[in-house]
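Scroll down for the structure; my scribbles are underneath it.
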Amino acid sequence: MKLHEYQAKEVLSKFGVPTLPGFVCTTADECEKAATDLGGLVVVKAQVHAGGRGKAGGVKLAKDPAEARAKGAAILGMTLISPQTGPEGVLVRKVFVTSACDIEREHYVAITLDRAKGLPVVMACKEGGVEIEEIAAHNPSAILREYFRPDEGLFAFQARKIAFALGLTGPLMGETVKFLQALCKAFVARDCSLLEINPLVVTKQGKVIALDAKVAVDENAEYRHKDLAAYRDDSETDPVEARAKAMDLAYIPLDGSIGCLVNGAGLAMATMDICKFHGAAPANFLDVGGGASREKVTEAFKIILADPKVKAILVNIFGGIMKCDVLAEGVVAAARDVGLNVPLVVRLEGTNVERGRQILAESGIRLVVAKDMTDAAQKVVAAAGGK
C-alpha cells in the first residue's frame with residue numbers, strides 16, 4: 001500500500017524523523033489559510049502516488065498566502081503526467097502545503113528489501129532531488145549500500161559510515177546518525193517494502209530534514225497496522241484491482257491475451273510460464289486461493305472478462321484444500337452467471353477430480369477439458385488464435 005507524502009511524514013514523525021510542518025488541502029481557500037498559518041513562504045505539492053512531480057509542474061513555491069491560493073488552484077484538478085504515471089497521467093485531488101526552508105545541500109536516502117540477501121538495505125547517494133534510476137544506470141558506484149538485520153536495526157557505526165560518505169561530518173554526523181536510525185526503525189516497525197527520502201536536505205541552520213518522503217507498506221502485513229487502513233487512497237487504485245482485493249483475490253493485470261484463473265501462487269506462475277512457452281502471453285495473474293467459493297470464482301470470471309484483451313480463459317486447478325468437484329460447480333455457475341463469450345479451457349487435478357470432470361461434461365457449457373498442463377496450454381493458446 002502506497003502512502004501519500006503527507007501520510008508518510010505523519011508516520012515518520014512518530015519515530016523521530018525530522019520533517020517540515022504542513023497541511024493537506026483540497027481547495028484553493030484551504031491552501032491560502034494553510035500558508036497564512038505557516039507564515040507565508042510555502043511549497044504547494046501535488047499528492048499523487050508517483051514521482052517526478054516537480055518536473056511535471058506538481059510542486060510550486062509560493063511567496064505568500066495569495067500566491068499559495070493561486071498555485072493551489074493551478075495544481076488541484078490538473079492531470080499530472082510524469083514517467084511514473086504513464087501517458088494517461090493522474091488527477092490531482094489534494095495538495096500538501098508545507099513550510100519552505102533554506103536548503104544548503106540535498107542528498108538521497110532510501111531503505112528497501114534486498115530479496116537476494118534477505119535483508120533490508122539502506123541506499124544513500126550524495127546527489128539528491130534527482131531521479132535515482134539515472135544515477136544507478138550511469139554511475140552505480142555513487143550509491144552506497146549498507147545492510148542491517150531487522151531485529152538489530154542500523155548500528156551507529158553503519159550510520160556514521162553513511163554520513164561520512166555523504167560528507168556530513170562534525171555536528172551534522174550526529175544529526176544524520178539519529179536520522180538514519182529512526183528511518184530504519186520506522187521501516188521495520190511499519191513493515192515497509194520501500195522508504196525513500198528524496199531529498200534529504202541539510203539546511204543553512206544545520207538541520208537534517210526529510211524534505212520529501214515516499215513510503216510503501218507490504219500489503220501482507222496490513223493486518224498488523226489497522227491504523228494505516230485510513231491512509232488507503234482508492235481513487236488511485238485501479239478499479240478492477242480494488243474489486244479483486246475486496247473479494248480477497250490476488251490479481252495483477254498483464255498485457256497478454258490468456259486469462260488465467262488458478263488456485264495457488266506457485267501454480268499461477270507456472271501456468272503463466274507454460275502459456276508463454278506455447279506461444280501466447282498471460283493477460284493476468286489471478287490466484288483464487290485454496291478455499292474459493294462460488295462467489296469468488298464468479299467474481300474472478302467477471303474480472304477476467306472485463307479485460308478486452310482476453311481472447312481465451314484457462315482455469316488450472318489443483319484440488320487439495322479445495323476439492324475439484326466444488327470448484328467445477330463454481331466454474332459452471334460462474335460461466336452461466338457472467339455469460340461467457342470467449343473460449344474456456346479447464347484443467348483439473350487432485351481430490352474428487354473425476355467427479356469434477358463429470359460436472360463439467362454434464363454442464364452443457366461450451367468448454368474444453370484438458371488432461372494436463374501442457375495439453376491445457378496448447379489448447380488455450382490455439383483457442384486464443386496463437387500458434
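The values are calculated or read from the model by the stated rules, or taken from the named source; none is laboratory data. Keep in mind the model is a prediction, meaning the values are calculated, not measured. Cβ: placed from backbone, ideal geometry, glycine included. Neighbour counts: every protein chain shown.
Cβ separations smaller than 7 Å between residues 6+ apart or across chains give the following pairs from segment 167-187 residues that are among the β-branched types (Val, Ile, Thr) to residues that are in a helix (DSSP H, G or I): Thr176/Ala159; Thr176/Ala163; Val177/Ala156; Val177/Ala159; Val177/Arg160; Val177/Ala163. Filter segment 296-341 down to the residues that are in a loop (DSSP other than H, G, I, E, B), under 32 Å from the mean Cα position of the chain (by Cα) and either within 22 Å of Gly266 (Cβ to Cβ) or at pLDDT below 80 (or both) and list them by number. Listed by number, the residues that qualify are Gly320, Ile321, Met322. Of the strands (runs of 3 or more DSSP E) contained entirely in segment 1-85, those carrying at least 2 residues that are under 23 Å from Tyr231 (Cβ atoms) and not basic (Lys, Arg) fall at 22-25, 42-46. Residues that are of a type in the set (Val, Ile, Thr), part of a loop (DSSP other than H, G, I, E, B) and touching a residue at least 40 places away in the same chain (Cβ under 8 Å) occur in segment 89-97; there is at least one.
Taking (1) surrounded by fewer than 16 Cβ atoms within 10 Å (Cβ to Cβ); (2) more than 14 Å from Val315 (Cα to Cα); (3) among the hydroxyl-bearing types (Ser, Thr, Tyr) in turn, Ser363 satisfies each apart from (1). Filtering Gly51, Gly72, Gly58 for residues that are modelled with pLDDT under 95 and over 30 Å from Ala165 (Cβ atoms) leaves a single hit, Gly58. Count of segment 56-70 residues, restricted to those that are farther than 25 Å from Asp234 by Cα and within 29 Å of the chain's Cα centre (by Cα), is 2. Run down Ile111, Ile135, Ile81 and say which single residue is crowded, with 17+ Cβ neighbours inside 10 Å, in contact with a Phe, Trp or Tyr (Cβ under 6 Å, 6 or more places away or on another chain) and not charged (D, E, K, R). Among Ile111, Ile135, Ile81, only Ile111 is crowded, with 17+ Cβ neighbours inside 10 Å, in contact with a Phe, Trp or Tyr (Cβ under 6 Å, 6 or more places away or on another chain) and not charged (D, E, K, R). Candidates Glu134, Glu222: the one that is over 17 Å from Gly16 (Cβ atoms), touching a residue at least 40 places away in the same chain (Cβ under 8 Å) and assigned to a helix (DSSP H, G or I) is Glu222.
Among the residues making up segment 279-295, a single one is buried (at least 19 other Cβ atoms within 10 Å of the Cβ) and out of contact with any strand residue (DSSP E or B) (no Cβ under 8 Å at 6 or more places or on another chain): Ala292.
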